[in-house]
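A short worksheet on the structure shown next.
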């Protein structure tokens, strides 16, 4: 049975911001090249929509999200931001971090797989606030 992948939905303005960060060498040098490749790949698959057509329950830049790891009880609360605004103490995670790249463009209820040094983890997007 072939699995049908959920479409990635991005606002056109977020897409432009993400492309500019990917082209900015200052950030490209600081992060894993694989993260950049992964985000570029995701952006190519994205359906771009205008601000007024963007669903409320889809993760975008500046979304506050709650994600839960499969098999665990704790729920992580994060805010997805551009790399220049990332601050782990404030739970602001860069879109260029692996989890940021994994969740952007996906809606509440979606389970994602996040590659970590020890293998892969599964997370479900529990809540999205835009």
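The values are calculated or read from the model by the stated rules, or taken from the named source; none is laboratory data. Note that the coordinates shown come from a computational prediction; the quantities given were computed from them, not determined experimentally. Ideal geometry is used to build each Cβ from the backbone, glycine not excepted, and the neighbour counts take in all protein chains shown.
Values for this structure:
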read-out: Residue check for residue 127: surrounded by 12 or more Cβ atoms within 10 Å (Cβ to Cβ) and either modelled with pLDDT of 95 or more or touching a strand residue (DSSP E or B) at 6+ places or on another chain (Cβ under 6 Å) (or both); value: yes
read-out: Scope the stretch 77-99; condition modelled with pLDDT under 90, assigned to a helix (DSSP H, G or I) and closer than 19 Å to residue 24 by Cα; matching residues; value: 83, 84, 98
read-out: Residue within the stretch 93-111 that is without any contact (Cβ under 8 Å) to a residue 24 or more places away in the chain, surrounded by fewer than 20 Cβ atoms within 10 Å (Cβ to Cβ) and under 26 Å from residue 22 (Cβ atoms) present; value: no
read-out: Restricting the stretch 60-76 to residues that are without any contact (Cβ under 8 Å) to a residue 60 or more places away in the chain and part of a loop (DSSP other than H, G, I, E, B), the residue that is farthest from residue 124 (Cα to Cα); value: 61
